[in-house]
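A.B. asks: Provided herewith is a single structure, encoded as C-alpha cells, for subsequent inquiry.
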Amino acid sequence: MVFPSVTLAALLVVGLSLLPNWRGDQPPDLRVHVNAEQFWWRITYETPDGSLIESANEVHLPARSVVEFVITSPDVIHSFWIPALGGKMDAIPGRTNLLRLTPTDPGMYRGVCAEYCGLSHALMAFVVQVHPKDDFDAWLAAEAQPATVDAAPFRRAGCAACHSIRGVMERGRAGPDLTHLARRQTIGAATLPLTAATLRHWLRATGAVKPDVHMPAYAMLPEAEIDALVTALMELR
Ligand code: HEC
Ligand SMILES: [Cu+2]
C-alpha cells in the first residue's frame, strides 16, 4: 500500500509541474476575441490601449508572439482549431474559453470549425496568416482605419441591417464586419475565393453557396443594383 501511494503521489507532483502553463500569468502580447457564429467567425483584435478592431473570417498574427484567443459563441457550440499551430478549443455559448498559441513561422495556414454546428458546419473555415512582427503592426494599423466607400447601394438594399462598415454604417451586428472586406482572401468563411464574380454569385444565391446561411439571397435585385453592390464591396480595401 505504501509503495504505490508514495510512488504515484510523487509522479503526480512531477506530472503537474510539467503541465504547460495554459492560463499564463504573464499578459499575452496580443489578445484576439473569437466569436464563433453560425457559420462564420467574428474576429476582434484588442490593441495595447484597449480599443477593439473588428474583422471576420481571417486571423492575422505576429510571429513569435504569445497570442491569447478569447473564445465564445452566441448560438451553438463550435470549436476553434488551427491544426498546424496546435490546440483546439470549444466555443461555448455563455462561457469564455482561453487558448494561447505562439506561432513561430510566418506563412498561410487554415483554421476550421471542429464541432458540428449545423448544415454549413463544413463551410465554416478561416484563413490564418502569420506575419513577421513589423508586417503585422502595419496590417493592424490599416485594418483599424475606417472605410471611405459610398454606402448608398448598401443602404438601398438593406445590408446595413446586418453589416457594419466602420465610418460609413455602424449599426448592423448580425453578419461579418465588411470594413476591409476586399483585403480578405475569401467570402463565406473560406467557402469561395473573393472576386467580383464570386461576390455576385454570393449575393444572388447565398443559400445555394451555404445551406441554412443566415443571410438572405438578393436574386430579385436588378442587375444594375448588383453591379453597384459588387463595385462598392470591391472598394472596401
Ligand atoms: C439578415 C442579415 C443579413 C443581411 C440583410 C445581409 N447579410 Fe450579408 N451576411 C450575413 C451573415 C450572417 C453572413 C455570414 C454568412 C456565413 O458565412 O455563414 C453574411 C456574409 C456576407 C458576406 C461575406 C463576408 C465574409 O467575410 O465572408 C458579404 C460580402 C455580404 N454578406 C454582403 C452583403 C450585402 C452586400 C448585403 C446587402 C445586399 C447583405 N450582405 C445583407 C447577414 C446578412
Ligand atoms: Cu461552427
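A.B. asks: What is the calculated FRET efficiency for ALA219 to ALA84, with r their C-beta to C-beta distance and R₀ = 22 Å, to the nearest 0.05? Numbers along the way, then the final one.
C.D. replies: Numbers: r = 38 Å, r/R0 = 1.74.
E between ALA219 and ALA84, to the nearest 0.05, is 0.05.
A.B. asks: If you don't mind, there's one more thing I want to ask. What value, in deg cm²/dmol to 500, does the helix sum -39500 (n - 2.57) over DSSP H runs of n ≥ 4 give at 222 nm once divided by the residues of the chain? Walk me through the numbers on the way to the answer.
C.D. replies: On the way: 6 runs with 59 residues, N = 237.
Result for the chain, helices only: -7500 deg cm²/dmol.
A.B. asks: How much length is gained on full extension from LEU98 to VAL14, taking 0.36 nm per residue of separation minus their Cα-Cα distance? Walk me through the numbers before you get to the answer.
C.D. replies: On the way: separation 84, 0.36 × 84 = 30.24 nm, distance 2.47 nm.
This chain segment gains 27.8 nm when fully extended.
A.B. asks: For the chain, what proportion of DSSP beta bridges, expressed in % and rounded to the nearest 5, is antiparallel? Write out the running numbers ahead of the final one.
C.D. replies: Numbers: 33 of 45 bridges.
About 75 percent, rounded to the nearest 5.
A.B. asks: Fully extended, how many nm does the chain gain between ARG110 and ALA142 (0.36 nm per residue separation, minus their Cα-Cα distance)? Could the numbers behind the result be given before it?
C.D. replies: Values: separation 32, 0.36 × 32 = 11.52 nm, distance 2.25 nm.
Stretched out fully, the ARG110 to ALA142 stretch lengthens by 9.3 nm.
A.B. asks: Also: When the convex hull of the Cα atoms of the range 30-143 is projected onto a plane and the area is averaged over all directions, what value comes out in nm²?
C.D. replies: On the way: hull surface 25.4 nm².
For the range 30-143, the mean projected area of the Cα convex hull comes to 6.4 nm².
A.B. asks: Normalised by the number of residues in the range 30-143, what is the relative contact order in percent for Cα pairs under 8 Å and 6+ residues apart? Provide the component values of the computation, followed by the final result.
C.D. replies: Working: 293 pairs, mean separation 31.6, N = 114.
Answer for the range 30-143 is 28 percent.
A.B. asks: Still on this structure, please answer the following. Mean separation of Cα pairs under 8 Å and 6+ residues apart, divided by the residue count of the chain: what relative contact order is that in percent?
C.D. replies: Relative contact order comes out at 16 percent.
A.B. asks: Could you calculate the FRET efficiency of ARG171 with ARG237 from 1/(1 + (r/R0)^6), where r is the beta carbon distance between them and R0 is 35 Å, rounded to 0.05? If you can, show how the numbers build up before the last one.
C.D. replies: Numbers: r = 22 Å, r/R0 = 0.64.
So, using R0 = 35 Å, E works out to roughly 0.95.
A.B. asks: Any chance you could list P(r) for the range 177-234, counting all Cα-Cα pairs in 10 angstrom bins from zero, rounded to whole %?
C.D. replies: 23, 59, 18
A.B. asks: Accessible area per residue for the range 30-143 in Å², computed with a 1.4 Å probe and the full protein assembly in place, what is it?
C.D. replies: Result: 40 Å² of accessible area for each residue.
A.B. asks: Let me ask something else about it. One quarter of the convex hull surface, Cα atoms only: what value does that give for the range 55-103 in nm²?
C.D. replies: Details: hull surface 14.2 nm².
Directional mean of the projected Cα hull area for the range 55-103 stands at 3.6 nm².
A.B. asks: If you average the alpha carbon positions of the range 40-71 and of the range 145-192, how far apart do those two centres end up, in angstrom?
C.D. replies: Between the Cα centres of the range 40-71 and the range 145-192 lies a distance of 18 Å.
A.B. asks: While we're here: Per the Kirkwood formula on distinct C-alpha pairs, the Rh of the chain is how many angstrom?
C.D. replies: On the way: mean 1/r = 0.0517 Å⁻¹.
With all distinct Cα pairs of the chain included, I get 19.3 Å.
The values are calculated or read from the model by the stated rules, or taken from the named source; none is laboratory data. All figures in this text were calculated on a predicted structure; none of them were measured in a lab. Every residue, glycine as well, gets a Cβ built from its backbone with ideal geometry; the counts of neighbours run over all protein chains shown. Only protein heavy atoms, including side chains, enter the accessible area calculation; ligands, DNA and RNA are left aside. Shrake-Rupley method; radii C 1.70, N 1.55, O 1.52, S 1.80 Å.
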